[in-house]
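> Can you read through this structure? Questions will come right after.
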Amino acid sequence: MSRIGKQPIAVPNGVTASTANGVFKVKGPKGELTVPFNQDLTIKHEDGTLLVERPSDAQRHRALHGLTRTLVANAVKGVSDGFTINLELRGVGYRAKLNGKVLELAIGYSHPVIIDPPAGVTFTVPEPTKIDVSGIDKQLVGQVAANVRKVRKPDAYHGKGVRFVGEQIALKAGKAGATGGKGKK
């Protein structure tokens, strides 16, 4: 049996969940999400927990079992707590600021880069070199954070750019480092 799929999902207080016609709906203090799932699977709500069950041990059902359980758990956590991804800017003169809801980045280009958040995602800038991407949909928050990082990926030689907090960049040796000395004489 699936190790992930068989785990129950705890439903916090203030969160209501329902299933109908292959759509799981969950509503909580932060908002409301819907998750489509395969109708072969069943989602049971009993005693403050959700349990995803599969009809057989067929390979297709086993594959969908863990996936569906994870998507449902992410939706429940999103409407109760939300998700946040932290980014940092590294480089001389690199900074971020908010103009209303719009993120404005100065990251080494001749012009500022403007990023408008999609519905359900908010940007916060606690420091000029830090960006927090928040929302209730884990997939959307992750995609927006990846799009912000893609604007200026970390440089392989100096490490300058936009990176996730805690991300390790393997820096390449420059020309002098590759030859092991001062160069040709």
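> Can you name the residue in the range 9-30 that is of a type outside the set (D, E, K, R) and not in a strand (DSSP E or B) and, of all such residues, is farthest from residue 136 (Cα to Cα)? If you could, list the steps in order and put the result at the bottom.
From the range 9-30, those of a type outside the set (D, E, K, R) are 9-24, 26, 28-29; that's our starting set.
With not in a strand (DSSP E or B) added as a condition, the list becomes 11-15, 21-22, 29.
Working: 11: 15, 12: 15, 13: 17, 14: 15, 15: 13, 21: 23, 22: 21, 29: 10 Å.
Result: 21.
> Only one of 92, 52, 35 is in the same structural domain as residue 149 (by TED's automatic domain parsing) and either crowded, with 16+ Cβ neighbours inside 10 Å or not polar (S, T, N, Q) (or both). Can you tell me which? First the steps, then the outcome.
Numbers: 52 fails: in the same structural domain as residue 149 (by TED's automatic domain parsing); 35 fails: in the same structural domain as residue 149 (by TED's automatic domain parsing).
92 is the lone residue from the list that is in the same structural domain as residue 149 (by TED's automatic domain parsing) and either crowded, with 16+ Cβ neighbours inside 10 Å or not polar (S, T, N, Q) (or both).
> Next question. Taking the stated definitions as given, is residue 38 at pLDDT below 95 and either under 30 Å from residue 162 (Cα atoms) or outside any strand (DSSP E or B) (or both)? Talk me through it step by step, then tell me what you get.
Working: at pLDDT below 95: yes; either under 30 Å from residue 162 (Cα atoms) or outside any strand (DSSP E or B) (or both): yes.
So residue 38 fits the description; yes.
> Being closer than 20 Å to residue 83 by Cα and free of Cβ contacts under 8 Å to residues at least 12 places away in the same chain, is that true of even one residue in the range 154-165? So that I can check it myself, show each step before the final result.
Our first condition is that a residue be closer than 20 Å to residue 83 by Cα; within the range 154-165, this holds for 162-165.
Retained after the next criterion (residues that are free of Cβ contacts under 8 Å to residues at least 12 places away in the same chain): none.
No, every residue in the range 154-165 fails to be closer than 20 Å to residue 83 by Cα and free of Cβ contacts under 8 Å to residues at least 12 places away in the same chain.
> Just need a number here: residues in the range 75-100 that are in contact with a Ser or Thr (Cβ under 7 Å, 6 or more places away or on another chain) and of a type in the set (D, E, K, R).
Selection size over the range 75-100: 2.
The values are calculated or read from the model by the stated rules, or taken from the named source; none is laboratory data. In this text the structure is predicted, and so the values were computed from the model without any measurement. In this analysis, Cβ positions are derived from the backbone assuming ideal geometry, glycine residues included, and neighbour counts consider all displayed protein chains.
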